[in-house]
Structure formats: structure tokens, C-alpha cells
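In what follows, a structure is listed as C-alpha cells, so that the remarks can point back to it.
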Amino acid sequence: MTTKTYKKIPNTLPIFDQKKGLEFGVYSLGEHLLNPHTNDILTAQERINQIKEMAVLSEQAGLDVFMLGESHQEGFVSQAHAVILGAIAEATKKIKISSGATIMSTSDPVRVFENFSTLDLLSNGRIEIVGGRASRIGLFKLLGFDLNNYEELFEEKFDLLLQLNRQERITWQGNFRAPLEDALILPRPINNHLPIWRAVGGGESSAVKAGHAGVPMNIAMLGGPVSSFKRTIDVYRESARMAGFDENELPVAAGGLFYIAKDMDTALREFYPHVNHGIFKSNGQGFPKQAFAHARDPKSVMNIGEVNQVIEKIIYQHEEFGHQRYMAQLDFGGVPFEKIMENIDVLGNKVLPAVRKYTTPKENN
């Protein structure tokens, strides 16, 4: 008797058009900081409207995704990130809309699924979730959670979110929320499930867990050489393969700092004060100037410089990573809106066409 082998299907598979090459997007942490060059700062209302306008401009520039993170500390306006994503859904027509990340450790998975399913219905099926653990930990005390349970909270709640995504009715019991007994989870998204990614900050242990779960990985790259992040991506794919998933059906999104100017010196001089100030305000220590200068290296993950240098960097990263999506962080640290607009325009109208020509399968060129 012959035993038939069935392919193991990933838990939450985003929809990708493999024929068009690398996807491009913009992501914002929703920070609300003064411009270190001028000491000017927007009101919270102005900053939220600016984020919405960034999404509209990204769609107009032909980008594929707009992503907004969640934060609950001073210097941010993205505490209610799902609400802002709802406004973006109403203001756009085609661009995919994603959290980046939704902090699952301090959220109720049922409410997260309800909120994002509703957003999916409002946006006609354009919503994605990136689930994260929180790199800024002040929200644990603010929202009433024990930081000592940092890992356990995330793993249990993220796994429950995946289960809610797979089934309409669920019976479940865990350690950090009330049990669910034949609970009906509504509304359901347009395609009955949402694309759900796991946020990874570069560490291999989280990448291994993402691979074992068969969940797409969104990796954030603040700085450093491409080689250090390639190892994390390789470990992720190896873990998925060992768990019985087809690694070719599990996309990887890689994101990091992006800033284009007329030349490298100008780009570093303009962007560094924003990044240094932003990281200092959010994490308590700045970005060392020498480490930031590593952006000059063609093998750096920081896509900073003049347009052709950045194109070559992204192509090199794609050769090493084989990733399906690139997310540009270009508004961090009080960058003035005219510079944000310029960078979105260059990303969509110069960088994207050049890189996509290279990354599109040859039979589709």
C-alpha cells in the first residue's frame, strides 16, 4: 500500500504576485519628535494626518504596502495604531495596509482579530498583521502586565491569534487570559483569514520559532552588515523546512533605514541627527556616529546615499536574502515632510522600477 504525502500548508500565507518581483513599502513607527535641525515639532493631530498622507503618497507612487507600528510611550502618536490604519483604509484604494508591529504581549488576541478583520472589510481585503513582542518595554507597566512574563505572554497570545485566524469557533485555555469555550469569532475577514507575520529583530531564536510555526517573517534591520541578517533568514528557512513547511511559500519582509539625497555626504549629514535623536528619545541611547557611517559600505543594510547607491544596495540585499518585500523607514526622528515626500517619490519612481526590473523573473520581463 502506498502512503500519500500531503504538503504542509503555512498558517497564514500573504498573497504575493511572484511575477512582479520584489514588493516595496514604507513603514512608520508613528514617532512624534522635534526636528533636531530646527527644534520645530508638529502637534499630535498634524503628525497623525501626516502619517495618513504618507500612505496616500505611497499609493500614488506605486508602492505595494504601508505599515504603521504601535507604541505607548512619550514621543509617539501610534498608541491606537489600528484607528489610524482605519483612516488610511478610507483614504486609499489599492495599497496593502499593515501593522508593524502590533504588540501581542500586551494585547488581547480576540480584540486584535476583531479589529483587524473589521479593517479588512473596510479596506476590501488589504489588511495584514505583524505581531511583535515590543522593543520598548514601558507599555508593560502602563497596560498592567508583568515584564517577567515577556516571552511567555507573546508566545501564548501570538499562537492564539494564529488559531483564531484558522477557525471561526474555538475552544482554548491558556495562562494569561480567560478560557474560550466554543467561542464564535466575528467578523471574519474577506478571505476568511488574514496574512499574519511574526516580527523578528534579528535574533535567531525568534526566527526559529517563526519557521517552526510556518509564519511569514518580518525582519527589522537597524544597522550592520547584510551577512549578519542573512544568517537569521537562513535559520528561519531551515527551521520552516525542518517543521515540514515549504520554505518557498513563506515570504520574508526586510525593512530598515532609507534616505536618499544628492550624494552620500549630504544624505548622512541630513539624516543622522534625526536617527540619533529618535533612537535616544525612544531607547535611551543614541546611534553611534561611527556605526551610522557604516552606511557608506555597499554591504550595509542601511539604504542611505544617492539613488544609484541605494539601488545597488537593495539589489545586493535581494541577492543575499531572496526576500519578497522591502520596507523603507524614512520618517524617523522628526524628518520634515518635504523630505519625506521627496523620498517616497524617489522610492516609487526611481528605486522601485530599477530594482523590480532586476528582481522580476526573466520569463516575465
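The values are calculated or read from the model by the stated rules, or taken from the named source; none is laboratory data. These numbers were taken from a predicted model, which means no experiment stands behind them. Backbone-built Cβ (ideal geometry, glycine too); neighbour counts: all protein chains shown. Surface areas here come from the heavy atoms of the whole protein model, side chains and all, with no ligands, DNA or RNA. Shrake-Rupley method; radii C 1.70, N 1.55, O 1.52, S 1.80 Å.
Restrict the check to segment 247-258 and report whether at least one residue is in a helix (DSSP H, G or I), surrounded by 15 or more Cβ atoms within 10 Å (Cβ to Cβ) and touching a strand residue (DSSP E or B) at 6+ places or on another chain (Cβ under 9 Å).
Applying the first criterion (in a helix (DSSP H, G or I)) to segment 247-258 yields 247-249.
Checking which are surrounded by 15 or more Cβ atoms within 10 Å (Cβ to Cβ) leaves us with 247, 249.
If we keep only those that are touching a strand residue (DSSP E or B) at 6+ places or on another chain (Cβ under 9 Å) as well, we get none.
No, every residue in segment 247-258 fails to be in a helix (DSSP H, G or I), surrounded by 15 or more Cβ atoms within 10 Å (Cβ to Cβ) and touching a strand residue (DSSP E or B) at 6+ places or on another chain (Cβ under 9 Å).
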(message) One residue is enough: does segment 46-53 have a residue meeting the conditions free of Cβ contacts under 8 Å to residues at least 60 places away in the same chain, more than 26 Å from L347 (Cα to Cα), in a helix (DSSP H, G or I) and open to solvent by 50 Å² or more (accessible area, probe 1.4 Å)?
(response) no
(message) at pLDDT below 95 and not in a helix (DSSP H, G or I): is that true of L42 in this structure?
(response) no
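I'd like the full set of residues that are surrounded by fewer than 19 Cβ atoms within 10 Å (Cβ to Cβ) and either of a type outside the set (F, W, Y) or in contact with a Phe, Trp or Tyr (Cβ under 7 Å, 6 or more places away or on another chain) (or both), limited to segment 12-35.
Residues satisfying the conditions are L13, I15, D17, Q18, K19, K20, L34, N35.
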(message) If I ask for residues that are open to solvent by less than 20 Å² (accessible area, probe 1.4 Å), in a helix (DSSP H, G or I) and at pLDDT below 95, which ones from segment 105-151 would you list?
(response) S105, T106, L139, F140
(message) Any residue in segment 295-307 that is acidic (D, E) sitting within a Cβ distance under 9 Å of a residue that is open to solvent by 10 Å² or more (accessible area, probe 1.4 Å) and in a strand (DSSP E or B)? List the pairs, counting only those 6 or more apart or interchain.
(response) D297/P225; E306/I260
(request) Just one of (1) out of contact with any strand residue (DSSP E or B) (no Cβ under 7 Å at 6 or more places or on another chain); (2) open to solvent by 20 Å² or more (accessible area, probe 1.4 Å); (3) not aromatic (F, W, Y) trips up V235, so point out which. (result) (2)
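Which residues, counting only those in segment 61-71, are over 12 Å from T102 (Cβ atoms) and in a loop (DSSP other than H, G, I, E, B)?
Listed by number, the residues that qualify are A61, G62, L63, D64.
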(request) With the checklist (1) open to solvent by 10 Å² or more (accessible area, probe 1.4 Å); (2) within 22 Å of A253 (Cα to Cα) in hand, flag the one item M67 doesn't pass. (result) (1)
(message) Pairs please, first residue from segment 2-21 and closer than 21 Å to S99 by Cα and in a loop (DSSP other than H, G, I, E, B), second anywhere and open to solvent by 80 Å² or more (accessible area, probe 1.4 Å) and modelled with pLDDT under 70, Cβ atoms under 6 Å, 6+ apart in sequence or on different chains.
(response) none
